[in-house]
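S.K.: The structure under discussion is supplied below as structure tokens; questions concerning it will follow.
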Amino acid sequence: MQTQSEMLGIGLIAAVIVVLVVSRVRGRDPWRALVIFSLSLALGAFGARAWAVAFSGAQWTGWGGFSSSGAILLGGVPALWLILTKSDDGPAISSGAFGLLVFLRFGCHLEGCDPGILRGEARLPFALLDASNALLAAIISFINPLWGAASYMGGRFLAEFARDPTTTAHLGALNRPQWVMVGGLLTLFLLKYLYGVVSRKTD
């Protein structure tokens with residue numbers, strides 16, 4: 001677990017740097033963006049542990065037991081609001097969050113958690129696939145956070161087919177994270193549409 005905790009520390013430093021740099025490049029107040037990012041991070045950490053406790057039998061105390069699905073669902077709330085309102089802080093927050101996920105998933109790969117399915121004598125590198133997916137989302141988010149989030153959820157949906165099926169629950173033909181990604185995509189674009197309708201009516 002030490003390797004993963006080290007990657008978490010490196011990822012946090014990298015994410016803060018990304019938030020500050022992107023904010024400055026876009027002419028925004030970097031400290032305001034950092035406060036929003038910290039809020040999103042706190043919600044994400046709580047969501048990650050709550051999801052693991054609810055569905056994976058993890059305990060509230062101790063290090064083990066975090067879920068990326070829970071982190072995305074709860075930690076994404078501030079980011080979702082920034083996306084819907086087309087805030088100029090959105091690119092910095094979204095890029096930083098996905099940048100952190102890159103390091104977390106790489107640490108997961110080094111630690112051997114969330115393994116991929118067996119192909120012969122080797123396993124597919126599921127965690128690395130998701131890390132690459134998060135990196136692409138971070139790059140896209142610099143330009144457009146909405147499409148950055150959508151690209152991650154779409155890519156994660158596909159990457160889950162490379163995951164060892166014994167490591168998560170399945171509901172029908174899809175596993176639990178895939179249903180979360182489908183729900184996240186539908187919610188993202190539905191709320192964007194509804195927010196656009198309300199905004200036009202109030203103009």
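S.K.: Largest first, please: the extent of the C-alpha atoms of the chain along each principal axis, to the nearest Å.
M.R.: Per principal axis, max minus min of the Cα coordinates gives 58, 36, 32 Å.
S.K.: Shifting gears a bit: Please find the FRET efficiency linking Glu111 to Leu136, where r is the Cβ-Cβ separation and R0 is fixed at 25 Å, and quote it to the nearest 0.05.
M.R.: 0.65
S.K.: Report the accessible area of His170, computed with a 1.4 Å probe over the heavy atoms of all protein chains in place, in Å² rounded to the nearest 10.
M.R.: Result for His170: roughly 90 Å² accessible.
S.K.: Give the accessible surface of the chain per residue, rounded to a whole number of Å², with probe radius 1.4 Å and ligands, DNA and RNA excluded. Intermediate values should be presented prior to the final figure.
M.R.: On the way: 10710 Å² over 203 residues.
Dividing the accessible area of the chain by its residue count gives 53 Å².
S.K.: Using alpha carbons only, how many degrees (0 to 90, rounded to 10) separate the axis of helix 90-111 from the longest principal axis of the chain?
M.R.: The two axes meet at around 10 degrees.
S.K.: Within region 1-199, what whole-number % of the accessible surface is contributed by carbon and sulfur, with the 1.4 Å probe and all protein chains included in the calculation? List each step's numbers first, then the result.
M.R.: On the way: 7160 of 10130 Å².
Answer for region 1-199 is 71 percent, counting heavy atoms of protein chains only.
S.K.: Give me the base-10 log of I(q)/I(0) for region 92-203 at each q in 0.22 Å⁻¹, Debye formula, one uniform scatterer per Cα, rounded to two decimals.
M.R.: -1.19
S.K.: Let me ask another. Compare the peptides 132-140, 87-95 by average per-residue count of other Cβ atoms within 10 angstrom and give them in order, highest first. It would help to have the intermediate numbers written out before the result.
M.R.: Working: 132-140: 20.7, 87-95: 25.6.
Averaged packing, sorted descending, gives the order 87-95, 132-140.
S.K.: Right, something else. What ranking do 182-188, 156-162 get when scored by the average of other Cβ atoms within 10 Å per residue, highest first? Walk me through the numbers before you get to the answer.
M.R.: On the way: 182-188: 15.3, 156-162: 19.1.
Descending mean neighbour count gives 156-162, 182-188.
S.K.: Here's another thing I want to ask about it. Ranked highest first by average number of other Cβ atoms within 10 Å, how do 119-126, 3-10 line up? Please list the in-between numbers first.
M.R.: Working: 119-126: 12.1, 3-10: 15.5.
My ranking of the peptides, most packed first, is 3-10, 119-126.
S.K.: Evaluate the distance, in nm, between pseudo-label points positioned 7 Å from the Cα of Phe161 and of Leu186 along their respective Cα→Cβ axes.
M.R.: 2.0
S.K.: Let me ask something additional. Quick one: compute the contact order of the chain, relative version, from alpha carbon pairs under 8 angstrom and 6+ residues apart, as a percent.
M.R.: 20 percent.
The values are calculated or read from the model by the stated rules, or taken from the named source; none is laboratory data. Since this is a predicted model, take the numbers as computed values, not measurements. Virtual Cβ from ideal backbone geometry, glycine too; neighbours counted across all protein chains shown. Just so you know, the surface numbers come from the protein's heavy atoms only, side chains and all, with ligands and any DNA or RNA stripped out. Shrake-Rupley method; radii C 1.70, N 1.55, O 1.52, S 1.80 Å.
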